[in-house]
1. Could we say that residue 99 is part of a helix (DSSP H, G or I) and more than 15 Å from the chain's Cα centre (by Cα) here?
2. At least 1 residues that are within 11 Å of the ligand (Cβ to nearest atom) and charged (D, E, K, R) in each: list the strands (runs of 3 or more DSSP E) lying fully within region 29-70 that qualify.
3. Scan region 44-63 for residues that are under 26 Å from residue 122 (Cα atoms) and surrounded by fewer than 16 Cβ atoms within 10 Å (Cβ to Cβ) and jot them down.
4. Go over the candidates 80, 32, 67, 5 one by one and state the one that is modelled with pLDDT under 95 and polar (S, T, N, Q).
5. Quick check on this structure: which one of 145, 140 is at pLDDT 95 or above and charged (D, E, K, R)?
6. Go through the residues of region 101-122 one by one and say whether even a single one is out of contact with any helix residue (DSSP H, G or I) (no Cβ under 9 Å at 6 or more places or on another chain) and surrounded by 14 or more Cβ atoms within 10 Å (Cβ to Cβ).
7. Quickly run through region 71-80 and pick out the residues that are away from the ligand (no atom under 15 Å from the Cβ) and in contact with a Ser or Thr (Cβ under 8 Å, 6 or more places away or on another chain).
Amino acid sequence: MEIKQLYREIVNEHNLHPSHKRNLDNPTMVLQGINPSCGDDINLQLKVKDGIIEDAAFNGSGCAISQASTDMMIDLIIGQTKEEALKLAGTFMGMIKGETTEEEIEVLDEAAALQDISHMPARVKCAVLGWRTMRQMVEELNRQEVKDADVTAAGSSECGAGPCGVK
Ligand code: ZN
(Lines give C-alpha, C1' and ligand atoms only; values in the text may rest on other atoms or scores of the structure.)
Protein backbone atom coordinates (compact mmCIF):
# COMPACT_ATOMS: atom_id res chain seq x y z
CA MET A 1 0.00 0.00 0.00
CA GLU A 2 1.25 3.44 -0.84
CA ILE A 3 2.24 5.40 2.23
CA LYS A 4 -0.15 8.29 1.50
CA GLN A 5 -2.99 5.83 1.12
CA LEU A 6 -2.06 4.31 4.47
CA TYR A 7 -2.04 7.76 6.11
CA ARG A 8 -5.49 8.46 4.68
CA GLU A 9 -6.82 5.20 6.06
CA ILE A 10 -5.45 5.93 9.53
CA VAL A 11 -7.14 9.34 9.54
CA ASN A 12 -10.41 7.89 8.22
CA GLU A 13 -10.40 5.16 10.83
CA HIS A 14 -9.97 7.62 13.72
CA ASN A 15 -12.63 9.89 12.27
CA LEU A 16 -15.21 7.16 11.73
CA HIS A 17 -14.42 5.15 14.86
CA PRO A 18 -12.87 7.47 17.43
CA SER A 19 -11.76 5.64 20.60
CA HIS A 20 -12.05 8.68 22.83
CA LYS A 21 -15.21 10.45 21.72
CA ARG A 22 -17.17 10.37 24.98
CA ASN A 23 -17.60 12.32 28.19
CA LEU A 24 -15.45 11.83 31.29
CA ASP A 25 -17.21 11.48 34.64
CA ASN A 26 -15.17 13.93 36.66
CA PRO A 27 -12.82 15.85 34.39
CA THR A 28 -10.23 18.07 36.04
CA MET A 29 -10.68 20.55 33.23
CA VAL A 30 -12.84 21.03 30.16
CA LEU A 31 -12.07 23.45 27.36
CA GLN A 32 -13.75 24.23 24.08
CA GLY A 33 -11.52 24.55 21.05
CA ILE A 34 -12.84 26.28 17.96
CA ASN A 35 -11.49 26.65 14.46
CA PRO A 36 -13.88 29.14 12.80
CA SER A 37 -12.19 28.89 9.40
CA CYS A 38 -13.48 25.33 9.04
CA GLY A 39 -16.27 25.11 11.62
CA ASP A 40 -14.44 22.62 13.84
CA ASP A 41 -15.69 22.69 17.40
CA ILE A 42 -14.30 20.34 20.03
CA ASN A 43 -14.79 19.99 23.74
CA LEU A 44 -11.65 18.54 25.27
CA GLN A 45 -11.72 16.94 28.71
CA LEU A 46 -8.71 16.02 30.83
CA LYS A 47 -8.42 14.15 34.09
CA VAL A 48 -5.09 15.02 35.68
CA LYS A 49 -3.76 13.63 38.93
CA ASP A 50 -0.30 14.14 40.46
CA GLY A 51 0.91 15.70 37.23
CA ILE A 52 -0.18 12.74 35.10
CA ILE A 53 -2.93 12.80 32.48
CA GLU A 54 -4.89 9.82 33.75
CA ASP A 55 -7.67 10.06 31.21
CA ALA A 56 -8.86 12.25 28.37
CA ALA A 57 -11.81 12.43 26.03
CA PHE A 58 -13.48 14.77 23.59
CA ASN A 59 -16.78 15.62 22.04
CA GLY A 60 -17.89 17.93 19.32
CA SER A 61 -18.02 18.08 15.58
CA GLY A 62 -15.89 19.10 12.66
CA CYS A 63 -13.99 17.85 9.66
CA ALA A 64 -12.28 14.46 9.53
CA ILE A 65 -8.85 15.95 10.13
CA SER A 66 -9.80 17.84 13.30
CA GLN A 67 -11.67 14.87 14.76
CA ALA A 68 -9.05 12.26 13.83
CA SER A 69 -6.19 14.45 15.02
CA THR A 70 -7.81 14.97 18.42
CA ASP A 71 -8.53 11.25 18.79
CA MET A 72 -4.94 10.32 17.89
CA MET A 73 -3.62 12.95 20.30
CA ILE A 74 -5.61 11.48 23.16
CA ASP A 75 -4.16 8.03 22.36
CA LEU A 76 -0.73 9.56 22.87
CA ILE A 77 -1.24 11.68 25.99
CA ILE A 78 -3.12 9.28 28.27
CA GLY A 79 -0.68 8.08 30.92
CA GLN A 80 1.85 10.82 30.18
CA THR A 81 2.98 13.59 32.48
CA LYS A 82 1.87 17.11 31.63
CA GLU A 83 5.43 17.92 30.58
CA GLU A 84 5.59 14.93 28.23
CA ALA A 85 2.24 15.96 26.72
CA LEU A 86 3.58 19.47 26.09
CA LYS A 87 6.70 18.00 24.52
CA LEU A 88 4.56 15.84 22.19
CA ALA A 89 2.53 18.93 21.28
CA GLY A 90 5.76 20.72 20.40
CA THR A 91 6.84 17.84 18.17
CA PHE A 92 3.43 17.71 16.49
CA MET A 93 3.40 21.47 15.85
CA GLY A 94 6.93 21.19 14.47
CA MET A 95 5.86 18.38 12.14
CA ILE A 96 2.92 20.43 10.85
CA LYS A 97 5.32 23.30 10.12
CA GLY A 98 7.59 20.86 8.29
CA GLU A 99 10.43 21.46 10.74
CA THR A 100 11.00 17.94 12.09
CA THR A 101 12.94 14.90 10.97
CA GLU A 102 11.52 11.41 10.42
CA GLU A 103 13.16 10.22 13.65
CA GLU A 104 11.71 13.06 15.70
CA ILE A 105 8.14 12.30 14.67
CA GLU A 106 8.39 8.59 15.48
CA VAL A 107 7.11 9.41 18.99
CA LEU A 108 3.87 10.64 17.42
CA ASP A 109 2.97 7.13 16.28
CA GLU A 110 -0.25 7.29 14.22
CA ALA A 111 -0.46 11.08 14.53
CA ALA A 112 2.50 11.16 12.13
CA ALA A 113 -0.08 10.28 9.47
CA LEU A 114 -0.92 14.00 9.42
CA GLN A 115 2.56 15.06 8.32
CA ASP A 116 1.37 15.90 4.80
CA ILE A 117 -0.80 18.66 6.27
CA SER A 118 2.37 20.77 6.24
CA HIS A 119 1.74 21.09 2.50
CA MET A 120 -1.93 22.03 2.96
CA PRO A 121 -2.02 25.42 4.70
CA ALA A 122 -5.83 25.55 4.74
CA ARG A 123 -5.98 22.39 6.89
CA VAL A 124 -3.27 23.27 9.40
CA LYS A 125 -5.72 24.79 11.89
CA CYS A 126 -7.84 21.64 11.71
CA ALA A 127 -4.87 19.41 12.47
CA VAL A 128 -3.57 21.45 15.42
CA LEU A 129 -6.94 22.26 17.05
CA GLY A 130 -6.88 19.42 19.58
CA TRP A 131 -3.19 19.92 20.37
CA ARG A 132 -3.56 23.68 20.75
CA THR A 133 -6.52 23.19 23.10
CA MET A 134 -4.67 20.58 25.17
CA ARG A 135 -1.60 22.82 25.47
CA GLN A 136 -3.78 25.69 26.67
CA MET A 137 -5.34 23.45 29.32
CA VAL A 138 -2.02 22.10 30.61
CA GLU A 139 -0.56 25.60 30.77
CA GLU A 140 -3.61 26.78 32.70
CA LEU A 141 -3.31 23.81 35.10
CA ASN A 142 0.37 24.64 35.61
CA ARG A 143 -0.52 28.26 36.38
CA GLN A 144 -3.10 27.14 38.93
CA GLU A 145 -0.53 24.87 40.56
CA VAL A 146 1.99 27.68 40.86
CA LYS A 147 -0.69 29.86 42.44
CA ASP A 148 -1.66 27.14 44.91
CA ALA A 149 1.94 26.28 45.77
CA ASP A 150 3.19 29.78 46.45
CA VAL A 151 0.67 32.57 46.75
CA THR A 152 3.34 35.12 47.67
CA ALA A 153 5.26 34.48 44.44
CA ALA A 154 2.21 35.25 42.32
CA GLY A 155 2.69 39.00 42.74
CA SER A 156 6.22 38.92 41.35
CA SER A 157 5.08 37.97 37.86
CA GLU A 158 2.81 40.95 37.31
CA CYS A 159 2.99 42.20 33.80
CA GLY A 160 1.17 45.52 33.92
CA ALA A 161 -1.50 46.59 31.48
CA GLY A 162 -0.11 45.12 28.26
CA PRO A 163 -0.14 41.47 27.22
CA CYS A 164 2.47 39.36 28.99
CA GLY A 165 5.75 38.89 27.21
CA VAL A 166 5.26 41.79 24.80
CA LYS A 167 8.19 44.18 24.84
ZN1 ZN B 1 -11.44 21.32 9.90
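The values are calculated or read from the model by the stated rules, or taken from the named source; none is laboratory data. Keep in mind it's a predicted model, so treat the numbers as computed, not measured. All Cβ positions, even for glycine, are placed from backbone atoms using ideal geometry, and neighbour counts span all protein chains on display.
1. Details: part of a helix (DSSP H, G or I): no; more than 15 Å from the chain's Cα centre (by Cα): yes.
It is false that residue 99 is part of a helix (DSSP H, G or I) and more than 15 Å from the chain's Cα centre (by Cα).
2. Qualifying strands (runs of 3 or more DSSP E): 40-49.
3. Result: 61, single match.
4. After applying the criteria, what remains is 5.
5. Answer to the check: 140.
6. no
7. Those that are away from the ligand (no atom under 15 Å from the Cβ) and in contact with a Ser or Thr (Cβ under 8 Å, 6 or more places away or on another chain): 74, 75.
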